[in-house]
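Step one of this worksheet: look at the structure below.
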Amino acid sequence: MSEFPRYRPRRLRATPVLRSLVRETDVTASDLILPLFVTEGEGVRRPVTSLPGVFNTSVDGVVADAREAQRLGIPAVLLFGIPGSKDERGSSGWDDDGVVQRAVRALRAELPDLVVITDVCLCEYTSHGHCGVVRDGAVANDETLELLARQALSHARAGAHIVAPSDMMDGRVATLRAALDDDGFADVAILSYAVKYASAFYGPFREAAGSTPQFGDRRAYQMDPANAEEALREARMDVAEGADIIMVKPALAYLDVIWRVKQETGWPVCAYHVSGEYAAIMAAARNGWIDEAAAMREALTAIRRAGADMIVSYWAREFARGDASS
Ligand code: PBG
């Protein structure tokens, strides 16, 4: 068949136009989702030390950042809340006047074409930093479900198009779907973090969101990095419970899982290129050890090649700026 010297793969690599003609995978701004961290106050813009280019911003700044993202062709933002107060149950998470809820209302009013996605999880709102209610040192699954439903409904009332549960409780997609449908939000979609690993790569995010667990870790609810069959079970389960989009997270270290989940479900798949994956490349780039723009393009391309339809990325705007000019 394709044997040397009759076939020479290098023929189609000889020039930029030839390479672009045969390129199989493309990344464009329209594939990207920009994560934003909303905090209290006005005019606040605090840099996150471990995530260069990422800030904690008040609602006004979130609107400004989202406006720029939209101008660059990025269709969606994913909001995380950094509330003014935390308690054992994370009650600021379902406050209709909470930071995320106010940001959603402002974004819907000012940027009607932007897709607004909200992270649904209690870890940013609980004093202990766990993703649900703690009973006897463990996160109580079923009791947490009810609180997540309150939070998702509060986001829906504010105008979220998509709610994204990232807590990893069992049964939360079915719980949220039922709660949304009962309250007249049948059109609000669920982006389920169906496959979320207990990963060391979330470190910088926890600095950004102030959500480091005060005791223990998240291994009793997030997945073991060694397991891929289990990822398929989680994905199938969430599809059956009514998830509209399936998330795999992290992304770069789990390309095989993205591939298998896409093949298995045929559902829209979103990959989260997480904080630690981004920070590692940024740190190397800042030391002059790696070319940031090239590494960014390669990482995002690999995630798309593995089968992700969309990617949550801290690089979204930076990528889109290059994309817009190329
Ligand atoms: C909340 C949540 C986390 C991330 C997204 N949602 C942190 C965690 O589970 O500890 C991580 C995102 C990132 O690292 O960029 N549960």
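Go through the stretch 97-146 and give me each residue that's open to solvent by less than 70 Å² (accessible area, probe 1.4 Å), assigned to a loop (DSSP other than H, G, I, E, B) and not small (Gly, Ala, Ser).
Those that are open to solvent by less than 70 Å² (accessible area, probe 1.4 Å), assigned to a loop (DSSP other than H, G, I, E, B) and not small (Gly, Ala, Ser): 111, 114, 121, 122, 123, 124, 125, 128, 130, 131, 133.
Looking only at the stretch 70-86, filter to residues that are touching a strand residue (DSSP E or B) at 6+ places or on another chain (Cβ under 7 Å) and open to solvent by 10 Å² or more (accessible area, probe 1.4 Å); which one of those is nearest to residue 34 (Cα to Cα)?
75
Checking residue 36 against (1) open to solvent by less than 70 Å² (accessible area, probe 1.4 Å); (2) farther than 25 Å from residue 55 by Cβ; (3) not in a helix (DSSP H, G or I), which test does it fail?
Single failed check for residue 36: (2).
Across the stretch 208-266, what is the total count of residues that are away from the ligand (no atom under 12 Å from the Cβ), open to solvent by less than 10 Å² (accessible area, probe 1.4 Å) and part of a loop (DSSP other than H, G, I, E, B)?
Going through the stretch 208-266 one residue at a time, the tally reaches 1.
Looking at the stretch 1-22 only, could you name the residues that are in a loop (DSSP other than H, G, I, E, B) and either closer than 14 Å to residue 300 by Cβ or hydroxyl-bearing (Ser, Thr, Tyr) (or both)? Spell out the reasoning first.
In the first step, residues of the stretch 1-22 are kept if they are in a loop (DSSP other than H, G, I, E, B); the result is 1-8, 14-15.
Within the stretch 1-22, 2, 7, 15 meet the criteria.
Go through the stretch 267-295 and give me each residue that's exposed (fewer than 14 other Cβ atoms within 10 Å of the Cβ), farther than 18 Å from residue 54 by Cα and of a type outside the set (Asp, Glu).
Once the filter is applied, which keeps residues that are exposed (fewer than 14 other Cβ atoms within 10 Å of the Cβ), farther than 18 Å from residue 54 by Cα and of a type outside the set (Asp, Glu), the stretch 267-295 yields 287, 288, 289, 294.
Any idea which residue in the stretch 296-316 is farthest from the ligand (Cβ to nearest atom), counting only those that are outside any helix (DSSP H, G or I), of a type in the set (Gly, Ala, Ser) and buried (at least 20 other Cβ atoms within 10 Å of the Cβ)?
306
Among all residue pairs at least 6 apart or on different chains, which show Cβ distances below 8 Å where the first residue, located in the stretch 274-293, is free of Cβ contacts under 8 Å to residues at least 24 places away in the same chain and outside any helix (DSSP H, G or I) and the second is more than 16 Å from the ligand (Cβ to nearest atom) and open to solvent by less than 40 Å² (accessible area, probe 1.4 Å)?
Every condition considered, the pairs that remain are 290/284; 291/285.
Please verify whether residue 30 is open to solvent by less than 10 Å² (accessible area, probe 1.4 Å) and either more than 25 Å from residue 247 (Cα to Cα) or among the hydroxyl-bearing types (Ser, Thr, Tyr) (or both), treating the condition exactly as stated. Step through it out loud before you land on a result.
Values: open to solvent by less than 10 Å² (accessible area, probe 1.4 Å): no; either more than 25 Å from residue 247 (Cα to Cα) or among the hydroxyl-bearing types (Ser, Thr, Tyr) (or both): yes.
Criteria not met by residue 30.
So how many residues does the stretch 194-207 have that are touching a helix residue (DSSP H, G or I) at 6+ places or on another chain (Cβ under 6 Å) and either farther than 14 Å from residue 248 by Cα or more than 10 Å from the ligand (Cβ to nearest atom) (or both)?
Qualifying residue count, the stretch 194-207: 5.
The values are calculated or read from the model by the stated rules, or taken from the named source; none is laboratory data. For clarity, every value in this text was computed on a predicted model and none was experimentally measured. Virtual Cβ from ideal backbone geometry, glycine too; neighbours counted across all protein chains shown. The area values use the complete protein model at the heavy-atom level, side chains included, leaving out ligands, DNA and RNA. Shrake-Rupley method; radii C 1.70, N 1.55, O 1.52, S 1.80 Å.
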